[in-house]
1. So, H201, is that one farther than 19 Å from D82 by Cβ and of a type outside the set (A, V, I, L, M, F, W, C) or not?
2. Whether any residue in region 76-93 is more than 20 Å from the chain's Cα centre (by Cα), under 18 Å from L220 (Cβ atoms) and buried (at least 18 other Cβ atoms within 10 Å of the Cβ) is what I want to check.
3. Give the residues of region 97-144 that are surrounded by 16 or more Cβ atoms within 10 Å (Cβ to Cβ) and more than 23 Å from G74 (Cα to Cα), sorted by residue number.
4. When you check S133 against the structure, is it at pLDDT below 95, farther than 26 Å from L223 by Cα and of a type in the set (S, T, N, Q), yes or no?
5. Scan region 220-265 residue by residue and report those that are in a loop (DSSP other than H, G, I, E, B), more than 17 Å from the chain's Cα centre (by Cα) and either loosely packed, with under 13 Cβ neighbours inside 10 Å or of a type in the set (D, E) (or both).
6. Looking at region 49-137, what strands (runs of 3 or more DSSP E) fall wholly within it and have at least 2 residues that are within 17 Å of I147 (Cβ to Cβ)?
7. Examine region 150-168 for a residue that is closer than 20 Å to P216 by Cα and either among the small types (G, A, S) or in a loop (DSSP other than H, G, I, E, B) (or both), and state whether such a residue exists.
8. Of all residues being of a type in the set (V, I, T) and in contact with a helix residue (DSSP H, G or I) (Cβ under 6 Å, 6 or more places away or on another chain) in region 207-240, which is farthest from R108 (Cα to Cα)? Just the residue, please.
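The values are calculated or read from the model by the stated rules, or taken from the named source; none is laboratory data. These figures come from a predicted structure and were not determined experimentally. Heads up, the Cβs are rebuilt from the backbone with ideal geometry, glycines too, and the neighbour counts pull from every protein chain shown.
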Amino acid sequence: MGENKANVAAGPRISPRPAAVVRLLTGENRSYSHSPDSGNSNGDPMNQPQTSLLTPFGDAITRVEKALEAIRNGQGVLLVDDEDRENEGDLIYAAETLTEQQMALLIRECSGIVCLCLTDDVIRRLQLPMMVSENSSKNGTAFTVTIEAREGVSTGVSAADRVTTIRTAIADNAKPEDLARPGHVFPLRAQPGGVLSRRGHTEGTVDLMRLAGLKPTGVLCELTNPDGTMARLPEIVAFAEKHAMPVLTIEDLVKYRTETMGQAV
């Protein structure tokens, strides 16, 4: 949310249309419905159900297993939520294996708001207050104050500086004084219980890291199109095929946890 390091080399952004996706698209500027309840598609890409677009990536359990394998190998995955929620796909990496090249891809291909998903215990240990005392955002996204590494960075904006900030924050011995506030990395507090408590990208990211056997800290950023609009499922699938990344949904994670793990994580 794997991408080969050779594939992250900089180049002009394009919107490739691999064969599996081209067959679904008939125009560059149309909006696409991908609700699982879309009904009979009748061959119309406007009504292609989500499952048909994700079929090349396997069933729900397979999609999760492929994502976990990619994360263990230091690669990225794309996590998609529901059409009636944010209707977005986030590019996700494990925080502990994040590279400068991967951060550059996040900055170049996504919204630019690079978020670090953390658990409650890390938030408390780093003494990171919430960004607002009363969260009135539609989905209750739990931003803390933004952060910067106190040492080892210049302006804090570059890919290298943001990776330094993330490595500083997730270090086992990290202390509040290791971080300056504000900064250019946006921590997010994950709800205990993961996607079974809140079906958000933050919780999905932390669940993926735990299931992969890594530190429960991940980095995410919302995938965007070259014109600045949010990428929807057809564009997310095209990006995934271009960069050889797995795609999965938050509902896949819910299914994986409830059907194969007895909800534990």
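1. The answer is no for H201.
2. Step one: list which residues in region 76-93 are more than 20 Å from the chain's Cα centre (by Cα), which gives none.
No, region 76-93 contains no residue that is more than 20 Å from the chain's Cα centre (by Cα), under 18 Å from L220 (Cβ atoms) and buried (at least 18 other Cβ atoms within 10 Å of the Cβ).
3. Listed by number, the residues that qualify are I123, L126, L128, M131, T141, A142, F143, T144.
4. yes
5. Correct list: P226, D227, G228, M261, G262, Q263, A264.
6. 115-118
7. Taking region 150-168 first, the residues closer than 20 Å to P216 by Cα are 162-168.
From what's left, either among the small types (G, A, S) or in a loop (DSSP other than H, G, I, E, B) (or both): none.
No, because not a single residue in region 150-168 is closer than 20 Å to P216 by Cα and either among the small types (G, A, S) or in a loop (DSSP other than H, G, I, E, B) (or both).
8. Of the residues in region 207-240, the ones of a type in the set (V, I, T) are 217, 219, 224, 229, 236-237.
Still in the list and also in contact with a helix residue (DSSP H, G or I) (Cβ under 6 Å, 6 or more places away or on another chain): 217, 219, 237.
On the way: T217: 22, V219: 15, V237: 18 Å.
Per the stated criteria, the residue is T217.
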